[in-house]
Amino acid sequence: MSRPLSGVRVIEMAGLGAAPYTGMLLSDMGADVVRIDRPRTRAPKAELYALSRGRRSVTLDLKRAEGLDVLLRMVERADILLEGFRPGVAERLGFGPAACQERNTRLVFGRMTGWGQTGPRAQTAGHDLNYQALSGALSLFRRPGERPVTPPGLVADFAGGGLLLAFGLVSALWESRASGRGQVVDAAMVDGTASLTTLVHSMAAQGRWSEEPGVNTSDGSAPFYDTYEARDGGYLAVAPLEPAFYAALVDGLGLRLDELPDRSDPANWPELKRRFAEVFRSRTRDEWAEHFADTDACVTPVLAPSEAAGHPHNTARETFVRNFGVTQPAPVPRFDRTPTGIAGPPPLPGQHSREALSDWGFAESEVADLVKNGVVEQLPERTA
């Protein structure tokens, strides 16, 4: 069955976090993604690491000239190469953009870093929290008198980084089909995270956003855009911004609009929060969730990741799937004519070396010699 990226060949240099997420997204769309692993790589329970799903793994010793030659010959047949090293590392190893595009002028070369290929911090270490901080995003995750929260590595690594690199690669691939020329895609997590704050900058320019926490409608300050604790210690997300939805919330809580303070005056927000919190503590999280399920009050239970797959809405849409023994998010977005899908389980490093190299134009005898000489590592095929 044809998929959106069927026929696209991708080389993914093994790494952590954001770049592997890009590889997963491309694979879910139907691309043939081959991951290049380092020799003697051993990852505990690698077969359960869903972020690596859908690839084939070839183990190459890039410190040997023969190993680098194998990679560059693969580049000749590739549409995309993606890597997540610090600036200059790929060049030192011999497969930087110039070396690769000399072999294949149509190649799209994707580079994933935290700080980008240029700038004062380009050669320094960092993590999701640092990129959020420098982009201005982290300051949005705080309440009055409190320090910023520490969110998991989703915002910068995966949204600002991996997702936007995938978008950039597909955009560059589209352009290359017209121009016949590849190009380098410089995806920096700090840049991508900054892009995610465009709405805040827009609202600030209009005078509708303050950098002071606790005074904006959507930063947890308003009683109609916050979380509330239930009787059992669970939480509800409450977000009826529009007046009609707010009226549905008030009615569902058994209160009367005409007896409550005016919500349009921020001075009344603390009292409204107190009233709402008191009512929400009268039932459990799931009781409230069922109570509001078929209304426009915009009330939903705050679910743990382990609970999300079992929610009726997610079940109906098959938002989560169980594959190779792991419950995980299904490929997104959805297509009505060229459906996406998980191409296979996460590979063990070197599991597909012979198979993948053969598919990419290497003679079987040549692959056998590479394995014999230790340039390529081939693990035994995994049994079910």
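None of the figures in this text is laboratory data; all of them are computed from the coordinates on show. Note that the coordinates shown come from a computational prediction; the quantities given were computed from them, not determined experimentally. Heads up, the Cβs are rebuilt from the backbone with ideal geometry, glycines too, and the neighbour counts pull from every protein chain shown.
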- Message: Could you give each residue of segment 255-262 its phi-based ³J(HN,Hα) in whole Hz, using Karplus coefficients 6.51, -1.76, 1.60 with θ = phi - 60°, and x for Gly or Pro?
- Response: 10, 10, 4, 6, 9, 9, x, 5
- Task: Sort out for me the Cα centre separation of segment 197-273 from segment 74-112, rounded to whole Å.
- Result: 49 Å
- Pseudo-spin-label distance residue 365 to residue 73, built 7 Å along Cα→Cβ, given in nm, is 1.3 nm
- Task: Return the distance in nm (one decimal) between the two label points of a simple spin-label model at residue 51 and residue 332, each offset 7 Å from Cα along Cα→Cβ.
- Result: 1.7 nm
- Percent relative contact order for segment 217-316, counting Cα pairs under 8 Å at least six residues apart, stands at 35 percent
- Item | FRET efficiency for residue 242 and residue 358, using Cβ-Cβ distance with R0 set to 51 Å, rounded to 0.05 | 0.30
- Query: Once the other residues with Cβ under 12 Å from the Cβ of residue 203 are scored (Lys, Arg +1; Asp, Glu -1), what is the net sum?
  - Reply: -1
- Item | Potential lengthening between residue 293 and residue 229 on full extension [0.36 nm per residue; Cα-Cα distance subtracted] | 21.3 nm
- Message: Show me, for segment 278-293, the HN-Hα J-couplings you get by feeding each phi into the Karplus relation (A = 6.51, B = -1.76, C = 1.60, θ = phi - 60°), rounded to Hz, glycine and proline as x.
- Response: 4, 5, 4, 6, 8, 9, 7, 4, 6, 5, 5, 4, 5, 4, 9, 4
- Extension length gain for residue 98 and residue 372 (0.36 nm per residue less Cα distance), in nm, is 95.6 nm
- Message: For the chain, what does the relative contact order come out to in percent, with C-alpha contacts under 8 Å and a separation of six or more?
- Response: 22 percent
- Message: Quick query: amide H of residue 234 versus all other amide H atoms, modeled in the peptide plane; which residues come in under 5 Å with a sequence gap of 5 or more or a different chain?
- Response: 285
- Query: How about segment 31-91: which trypsin sites (Lys or Arg not before Pro) there are in a DSSP loop, with at most 16 other Cβ atoms within 10 Å of their Cβ?
  - Reply: 40, 42, 45, 63, 64, 77
- In the chain, what % of DSSP beta bridges are antiparallel (nearest 5)? 40 percent
- Per-residue HN-Hα couplings for segment 325-337 [Karplus 6.51, -1.76, 1.60; θ = phi - 60°; Hz; x = Gly/Pro]: x, 10, 7, 8, x, 6, x, 9, x, 9, 10, 8, 10
- Task: For segment 66-190, report the convex hull volume of the alpha-carbon atoms normalised per residue, in Å³, without decimals.
- Result: 111 Å³
- Task: Quick one: work out Rg over Rh on the C-alpha atoms of segment 217-316, Rh as Kirkwood radius.
- Result: 0.97
- Item | Nitroxide proxy distance, nm - points 7 Å out along Cα→Cβ at residue 133 and residue 40 | 3.6 nm
- Straight distance only, please: which lysines reach the Cα of residue 63 with their own Cα at less than 17 Å, same-chain residues fewer than 8 apart left out? 372
- Query: Counting other Cβ atoms within 10 Å, which chymotrypsin sites (Phe, Trp or Tyr not before Pro) in segment 154-186 have at most 13 and lie in a DSSP loop?
  - Reply: none
- Message: Tell me which of 331, 81, 321 sits at the most positive position along the dipole axis of the chain, charges placed on C-beta atoms (Lys, Arg +1; Asp, Glu -1).
- Response: 81
- What longest range of the chain stays clear of loop-exposed GluC sites (Glu not before Pro) (DSSP non-H/G/I/E/B, at most 15 other C-beta within 10 angstrom)? 212-317
- Message: Can you pull out the trypsin sites (Lys or Arg not before Pro) in segment 233-308 whose DSSP state is coil and whose Cβ has at most 14 other Cβ atoms within 10 Å?
- Response: 256, 281
- Task: Kindly provide the helix-only [θ] at 222 nm of the chain, computed as the sum of -39,500 (n - 2.57) over DSSP H runs of four or more divided by all residues, to the nearest 500 deg cm²/dmol?
- Result: -9500 deg cm²/dmol
